[in-house]
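Trainee: My questions will all concern the structure given below.
Every number here is computed from the coordinates shown, using simple stated rules; none is lab data. None of these values were measured; they are calculated from a predicted model. Cβ atoms come from the backbone with ideal geometry, glycine included; neighbour counts cover every protein chain shown.
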Amino acid sequence: MNKISTLEKALERINDGCTLMVGGFGGVGNPPTLIQGILDKGVKDLVLIANDTGFPDIGIGRLVTAGRARKVIASHIGSNPNAGRLMTEGKLEVEFSPQGTLAERVRAGGVGLGGIFVDVGLGTIAEEGKEKIMIAGKEYLVETALTADVSIVQAKKADTLGNLVYDKSARNFNPLVAMAGTFTIAEVDEIVPAGTLDPECIVTPGIFVDMIIASEGVNWKWAWE
């Protein structure tokens with residue numbers, strides 16, 4: 001099935017109050033055209049799930065800076081002072097999750113698990129309000145899996161079936177995020193016919209991708225030919 005669509009169609013899936021999971025790390029791998037589209041549409045009250053809050057004017061940080069999120073689930077927000085300011089002002093709820101734990105929570109959501117068991121945070125404020133479990137005589141915290149109404153990712157190349165290839169470090173959280181969305185949109189730089197990608201280079205199988213849109217400035221006709 002051809003999954004190529006338009007930014008306008010993609011934005012129909014992203015509305016006020018939705019839970020939005022975003023691939024990327026420090027802005028690298030955040031889908032810029034989709035983020036600009038969200039800003040232009042005026043979407044607000046988002047619950048954002050991402051590794052971080054980017055930088056004030058880069059990547060997912062642009063949504064935070066514009067006050068479009070009511071809650072963020074991330075491993076850190078230190079690179080975006082606006083996130084810290086909004087948090088201390090009580091305008092942004094922040095749920096911190098250690099980076100490895102966050103990645104595993106997203107992966108668990110993508111593969112249909114209810115959560116994971118970790119010993120990170122035991123005996124600290126990180127365990128407050130969390131269920132504990134004993135396994136083979138050792139105590140663990142129960143960390144719930146993470147999923148989203150919509151996941152947005154950035155890839156270097158896709159075929160018409162949605163199989164994705166990433167560009168170097170832009171691979172980061174994107175493959176996990178692509179798995180964990182009820183509806184996943186991939187913003188890509190190049191499209192090729194189905195069957196032409198080297199199977200050994202495909203990181204995200206098309207089964208996880210519902211829609212492909214062009215990165216701004218990409219000429220699909222040129223990329224196709």
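Trainee: Taking the Cα centre of segment 57-105 as origin, work out the dipole magnitude from +1 charges on Lys and Arg Cβ and -1 charges on Asp and Glu Cβ, in debye rounded to 20.
Mentor: In debye, rounded to 20, segment 57-105 gives about 180.
Trainee: Give the lysines whose C-alpha is closer than 16 Å to that of K41, dropping any in the same chain fewer than 8 places away, or say none.
Mentor: List returned: K9.
Trainee: Now, a different point. To the nearest 20 debye, what charge dipole does segment 122-225 have about its Cα centre, counting +1 at the Cβ of each Lys and Arg and -1 at the Cβ of each Asp and Glu?
Mentor: So the magnitude is around 180 debye.
Trainee: Loop-only check: which trypsin sites (Lys or Arg not before Pro) in segment 48-114 are DSSP coil with at most 13 other Cβ within 10 angstrom? Walk me through the numbers before you get to the answer.
Mentor: Values: sites: R62, R68, R70, K71, R85, K91, R105, R107; in loops: R68, K91.
Of the trypsin sites (Lys or Arg not before Pro), the ones in loops of segment 48-114 whose Cβ has at most 13 other Cβ atoms within 10 Å are K91.
Trainee: Right, here's the next one. Under a plain spin-label model, where a point goes 7 Å from the Cα along Cα-to-Cβ, how far apart in nm are D16 and I207?
Mentor: 3.8
Trainee: Calculate how many DSSP beta bridges within the chain are antiparallel, expressed in % of all such bridges and rounded to the nearest 5.
Mentor: Once the DSSP bridges in the chain are tallied, antiparallel ones form about 30 percent.
Trainee: How many angstrom separate the Cα center of segment 29-103 from the Cα center of segment 177-198?
Mentor: First find each Cα centre; the distance between them is then 23 Å.
Trainee: Moving on. Show that you can apply the helix-only estimate: for the chain, add -39,500 (n - 2.57) for every DSSP H stretch of four or more residues, divide by all residues, and state [θ] at 222 nm to the nearest 500.
Mentor: About -6000 deg cm²/dmol.
Trainee: Now for a separate question. Out of segment 48-130, which GluC sites (Glu not before Pro) are coil in DSSP terms and have no more than 10 other C-beta atoms within 10 Å?
Mentor: Hits after loop and neighbour filter: E89, E128.
Trainee: Looking at (i) 11.0; (ii) 13.1; (iii) 14.1, which value of mean projected area of the Cα convex hull in nm² comes from a calculation on the structure shown?
Mentor: Recomputing mean projected area of the Cα convex hull in nm² here gives the entry labelled (ii).
Trainee: If I take R0 = 41 Å and measure r between the Cβ atoms of E139 and T182 in this structure, what FRET efficiency does the formula 1/(1 + (r/R0)^6) give, to the nearest 0.05?
Mentor: 0.80
Trainee: How big is the charge dipole of the chain about its Cα centre, in debye rounded to the nearest 20, if each Lys and Arg gets +1 on its Cβ and each Asp and Glu gets -1 on its Cβ?
Mentor: Rounded to the nearest 20 debye, it is 180 debye.
Trainee: What residues from segment 190-218 fall in the zone where the backbone N is under 17 Å from a label point 7 Å along the Cα-to-C-beta line of E8?
Mentor: It comes to 212-217, nothing else.
Trainee: Can you spot the aspartates and glutamates whose alpha carbon is less than 16 Å from K157's alpha carbon? Ignore those fewer than 8 places along the same chain.
Mentor: List returned: D167, E187, D189, E190, D198, E200, D210, E216, E225.
Trainee: Turning to a different aspect of this structure: Quick one: if you stick a label point 7 Å off each Cα along the C-beta vector at D57 and Q36, how many nm between them?
Mentor: 1.5
Trainee: At I116 and K71, where each label point lies 7 Å from the Cα along Cα→Cβ, what is the point-to-point distance in nanometres?
Mentor: Placing both labels 7 Å beyond Cα along the Cβ direction yields 2.0 nm.
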